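**Q** My structure is below; once you've seen it, I'll send some questions.
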Amino acid sequence: MTRDPSITFAAPMNEIRTEVAASIVAAVPGLVVADVYRQLESPPDPAMGDFAFPCFTIRDRFGNAPPPAVATQLAAKVARPASILKVETKGPYVNFFADPGALAKSVLVAAHAAGEGYGRNEMGKGETVVIDFSSPNIAKPLGIAHLRSTVIGNGIRRLWQACGYTVIGVNHLGDWGTNFGKLISAWKKWGSEEELKLKGVEFLKDLLVKFTETAKLDPAYQQDARDWFRKLETGDAAAKALWQHFRDISLTEFKRVYALLNVDFDSWSGESDYVDKMDAAIKELEAKGLTSHSEGAYVVDLSAHGFKEPFLLRKADEASLYGTRDLAAILYRRRHYGAKKLIYVVAADQKLHFKQLFKVASLLGLDAEPVHVDFGLMRIVNAEGQREKMATRKGTIVLLQDVLQSAIDRVNEIIVDREWDEAKKARIAHAVGIGAVIFNDLSRTRTKDIDFNLQQMLDFDPETKAFKGETGPYLQYTFARLSSALRKYGKPVSGEVDFKLLATDDDKGVARQIGRYPQIVHDAATRYEPSIVSRFLIDLSGEVNRFWKQQRILSDDAGLTAARVLLVSSARQVLRSGLALLGIEAPEEM
RNA sequence: GUCCCCGUAGCUCAGUUGGAUAGAGCGGCGGUUUCCUAAACCGCAGGUCGUGCGUUCGAAUCGCACCGGGGACACCA
């Protein structure tokens with residue numbers, strides 16, 4: 001599916017690939033270009049060629065000869081396409097070596113023509129998707145665990161935009177529920193406007209923790225909290241005013257962190273916005289006869305659909321649950337935005353919840369595709385050396401703001417001697433520090449759990465004062481190097497150059513990576529996997545830096561310089577574009 | 001107990017959806033700068049792909065079983 005050749009967009013490598021497939025089909029009657037195209041692989045080592053055709057499946061057309069013999073016969077029959085330099089047999093494979101000039105031309109003409117739009121496609125033209133991400137709980141500080149949903153969601157949002165979709169980014173704030181009964185109850189007992197002003201959300205969290213501990217010993221507290229939540233849900237003015245106050249304080253703090261991360265949302269409607277839509281959703285369920293009572297609660301029985309547990313609509317005390325609000329929200333998003341796809345970027349521990357939710361929604365006839373994009377948990381290693389889920393109540397929370405700040409501090413150590421004014425230093429420290437943190441998260445497959453480790457997150461050598469290895473700063477550094485060379489060049493980049501001059505393996509290595517980009521964007525979007533972009537940018541930067549060491553861009557040879565300037569400017573453009581997809585800035589200098 | 005995710009070099013991870021000799025980064029050892037940013041580049045060392053069966057011309061990749069880590073399993077979100 002990710003290699004569906006019917007999806008066409010500016011993917012220059014695919015043109016040469018099609019030529020290769022056509023040449024094989026011409027040599028072996030009966031084969032279909034699309035099939036052969038799909039079977040073409042990239043050899044594990046560029047020294048083995050650019051495209052490889054495995055001969056295992058066409059043995060029957062060669063008298064069931066062993067694959068290596070088939071390869072030899074096929075190679076002899078293939079008419080070499082124009083953009084292919086040579087055709088070689090290696091074991092069961094027929095390998096095609098793209099002509100460096102032809103490869104460079106096909107890639108760079110496309111990249112230059114598309115400009116900043118290179119890599120985008122029109123797959124989703126006219127369609128809308130809603131993506132729910134970040135979605136923190138009010139009255140708890142943003143912890144490092146919130147980083148995952150925020151940056152993965154932001155990445156997916158940008159990827160789908162790059163595929164032509166209209167994307168609505170929703171921050172579904174956790175601003176409703178029994179917790180707020182507890183919080184109000186706690187506030188009535190121990191609240192202090194002064195402390196709240198001083199400590200902000202941290203103070204609200206302390207109140208909740210204190211309440212939870214006290215309530216363990218005295219059940220009367222629980223009852224008080226339930227009463228307060230009921231008042232809140234039935235519109236009690238005093239309760240509502242306090243809730244609004246806590247919400248405002250939290251939001252102000254959250255927005256500061258989002259600004260640091262360069263993340264924004266189209267909608268901030270949280271759970272509370274669906275309180276007045278829950279009854280309508282429940283009525284729809286009732287109209288279809290899907291509701292029932294069980295153990296005092298009001299539920300949707302899902303046992304006929306392979307679920308042991310029912311979907312809870314109302315608790316025994318009539319109070320709503322987050323599932324009820326999620327149900328109202330999913331219907332609203334489909335109807336209000338006309339979305340064909342509803343994406344939820346939420347940790348893997350909620351898989352069951354979303355399976356149930358999606359099932360209930362489909363029983364109501366939801367005609368959109370809901371997708372739970374799950375990701376691994378951020379774990380913390382506790383005092384006994386055991387991994388466990390981070391939890392606000394256990395105090396095992398690392399503040400996101402603190403992590404971001406220490407990243408920025410480290411960059412400041414590096415650039416302290418640069419001859420820049422303070423504003424510029426601050427700007428670059430911010431871009432690079434935040435880039436390090438975001439990339440660290442987005443560079444691994446999203447379903448894997450992560451052990452929180454600040455040291456590892458900010459892989460930093462105090463001796464040389466530098467970030468090392470496969471990091472955000474590595475990509476930014478590569479970008480800055482290229483920017484520097486182009487600044488020095490100082491002239492407009494021409495798209496009309498002699499591509500044959502880009503003849504070295506180093507030139508070809510860079511061009512090949514640039515050519516992969518459109519397919520990378522497509523694959524990363526359809527697999528909801530920003531790390532595909534991250535890995536690609538590492539590969540591209542590796543090629544660029546190897547090139548940088550081995551070759552010169554600016555030289556006395558005007559023709560070669562012009563060609564290499566085009567190559568390098570395209571690479572730089574892809575770096576900036578790819579980093580932007582990940583939500584990472586690309587400073588010109590660092 | 002049932003279900004889900006993960007297990008690849010000392011550490012952190014890739015592995016083109018079943019193909020060639022399993023690749024990077026960090027850490028270790030050794031190199032590279034009269035020249036566009038050395039936050040870089042090159043080389044060396046380091047692997048029974050958790051274990052065992054099976055499917056296949058071919059398995060890190062698919063199936064089954066087991067081991068280890070994490071998570072979920074109705075009135076929290």
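**Q** Any idea what angle helix A:278-287 forms with the longest principal axis of chain A, computed on alpha-carbon atoms, 0 to 90 degrees, nearest 10?
**A** 80 degrees
**Q** Antiparallel as a % of all DSSP beta bridges within chain A, to the nearest 5? Provide the component values of the computation, followed by the final result.
**A** Details: 25 of 43 bridges.
Percentage antiparallel, nearest 5: 60.
**Q** Another question, if that's okay. What does the net charge come to around residue A:467 if you take all other residues with beta carbon closer than 14 Å to its beta carbon, with K and R at +1 and D and E at -1?
**A** Working: positive: A:410, A:465, A:468; negative: A:409, A:413, A:459, A:461, A:463, A:470.
Spelling it out: positives minus negatives among the neighbours equals -3.
**Q** Could you tell me how many degrees, from 0 to 90 and to the nearest 10, lie between the Cα long axis of helix A:531-550 and the main elongation axis, the longest principal axis, of the Cα atoms of chain A?
**A** Approximately 40 degrees, to the nearest ten.
**Q** Over the range A:12-98, what is the mean sequence separation of C-alpha contacts under 8 Å (at least six apart), divided by residue count, expressed as relative contact order in percent?
**A** Working: 136 pairs, mean separation 25.6, N = 87.
Value for the range A:12-98: 29 percent.
**Q** What do you reckon, how do A:274, A:489 stack up by accessible area (1.4 Å probe), largest on top?
**A** Values: A:274 5, A:489 50 Å².
Ranked list, largest accessible area first: A:489, A:274.
**Q** With +1 on the Cβ of every Lys and Arg and -1 on the Cβ of every Asp and Glu, and nothing else charged, how large is the dipole of the range A:88-214 about its Cα centre, in debye rounded to the nearest 20?
**A** On the way: 15 positive and 13 negative charges, 47 e Å.
Once rounded to the nearest 20, the dipole reads 220 debye.
**Q** Which of rounded, prolate or oblate describes the range A:213-316 when judged by the alpha-carbon gyration tensor and an a/c cut-off of 1.5? Can you show the working numbers first?
**A** Details: a/c = 1.97, a/b = 1.35, b/c = 1.46.
Cα axes put the range A:213-316 in the oblate bin.
**Q** Arrange the residues A:508, A:125 by how much accessible surface each exposes, largest first, with a 1.4 angstrom probe.
**A** Details: A:508 25, A:125 150 Å².
Largest accessible area first, the list is A:125, A:508.
**Q** Taking the Cα atoms only, what angle lies between the long axis of helix A:237-261 and the longest principal axis of chain A, rounded to 10 degrees?
**A** Orientation of helix A:237-261: about 20 degrees from the principal axis.
**Q** Residue A:90: which lysines have alpha carbons under 22 Å from its alpha carbon, excluding same-chain residues fewer than 8 sequence positions away?
**A** The qualifying lysines are A:77, A:508.
**Q** Tell me the net charge near residue A:506. Cut-off is 13 Å between Cβ atoms, residue A:506 excluded, with +1 for each Lys or Arg and -1 for each Asp or Glu. Please report the intermediate quantities before stating the final value.
**A** Numbers: positive: A:508, A:512, A:546, A:549, A:552, A:564; negative: A:505, A:507, A:543.
Combined, the nearby Lys, Arg, Asp and Glu give +3.
**Q** Now, a different point. Residue A:206 to residue A:245: FRET efficiency via 1/(1 + (r/R0)^6), r the Cβ-Cβ distance, R0 22 Å, to the nearest 0.05?
**A** In this case the efficiency is close to 0.85.
**Q** Over all distinct alpha-carbon pairs, what is the Kirkwood Rh of the range A:375-534 in angstrom? All intermediate terms of the calculation are to be shown ahead of the outcome.
**A** Details: mean 1/r = 0.0530 Å⁻¹.
In the range A:375-534 this quantity evaluates to 18.9 Å.
**Q** Quickly estimate the mean residue ellipticity at 222 nm for chain A, helices only: each DSSP H run with n ≥ 4 gives -39500 (n - 2.57), and the total goes over all residues, rounded to 500.
**A** Values: 20 runs with 308 residues, N = 590.
Only helices count here, giving -17000 deg cm²/dmol.
**Q** Sticking with this structure for a sec: Ratio to report: Rg/Rh of chain A, with Cα atoms as the point set and Rh obtained by the Kirkwood method; give two decimals.
**A** Values: Rg = 28.4 Å, Rh = 27.2 Å.
Reported Rg/Rh (Cα atoms, Kirkwood Rh): 1.04.
**Q** Counting other Cβ atoms within 10 Å of each Cβ, which GluC sites (Glu not before Pro) in the range A:268-368 have at most 10 and sit in a DSSP loop? Could the numbers behind the result be given before it?
**A** Working: sites: A:271, A:284, A:286, A:295, A:318; in loops: A:295, A:318.
Those satisfying the criteria are A:295.
**Q** Still on this model: Find the centroid of the Cα atoms in the range A:261-324 and in the range A:40-89, then give the distance between the two in whole Å.
**A** 57 Å
**Q** Could you sort A:507, A:276 by accessible area so the largest value comes first, with the probe set to 1.4 Å? Mind showing how you got there, number by number?
**A** Working: A:507 0, A:276 120 Å².
Accessible-area ranking of A:507, A:276, largest first: A:276, A:507.
**Q** Right, something else. Report residue A:388's accessible area, 1.4 Å probe, all protein chains in place, as a number in Å² to the nearest 10.
**A** 50 Å²
**Q** For chain A, report the accessible area per residue in Å² (1.4 Å probe, heavy atoms, rounded to an integer).
**A** Values: 26140 Å² over 590 residues.
With all protein chains present, chain A gives 44 Å² per residue.
**Q** Quick one: pull the percentage of alpha-carbon pairs in the range A:295-355 with a separation above 17 Å.
**A** Details: 938 of 1830 pairs.
That fraction is 51 percent.
**Q** Give me the mean projected area, in nm² to one decimal, of the convex hull enclosing the Cα positions of the range A:247-376.
**A** Details: hull surface 37.8 nm².
Average of the hull's projected areas for the range A:247-376 equals 9.4 nm².
**Q** Carbon and sulfur: what percent of chain A's accessible surface (1.4 Å probe)? Display every interim value, and only then the final one.
**A** Working: 12950 of 26140 Å².
About 50 percent, which is the carbon plus sulfur part of the accessible surface.
**Q** Shape verdict for the range A:34-153, please, from the Cα gyration tensor: rounded (a/c under 1.5), prolate (a/b greater than b/c) or oblate. Intermediate results must be reported in sequence, preceding the final value.
**A** Working: a/c = 3.02, a/b = 2.12, b/c = 1.42.
The shape class here is prolate.
**Q** Here is a follow-up. What span do the alpha-carbon atoms of the range A:12-98 cover on each of the three principal axes, reported in whole Å from largest to smallest?
**A** Cα extents, longest axis first: 35, 25, 20 Å.
**Q** Please work out how much accessible surface residue A:25 shows to a 1.4 Å probe, ignoring ligands, DNA and RNA, in Å² rounded to 10.
**A** My reading of the accessible area for residue A:25 is about 30 Å².
**Q** Round to a whole angstrom and tell me the spacing of the C-alpha centers of the range A:521-556 and the range A:127-161.
**A** Cα centroid to Cα centroid, the span is 26 Å.
The values are calculated or read from the model by the stated rules, or taken from the named source; none is laboratory data. Nothing here was measured: the structure is a model prediction, and the numbers come from that model. FYI the Cβ positions are ideal-geometry reconstructions off the backbone, even for glycines, and counts take in every protein chain you see. Ligands, DNA and RNA are excluded from the accessible area calculation, which covers all protein heavy atoms including side chains. Shrake-Rupley method; radii C 1.70, N 1.55, O 1.52, S 1.80 Å.
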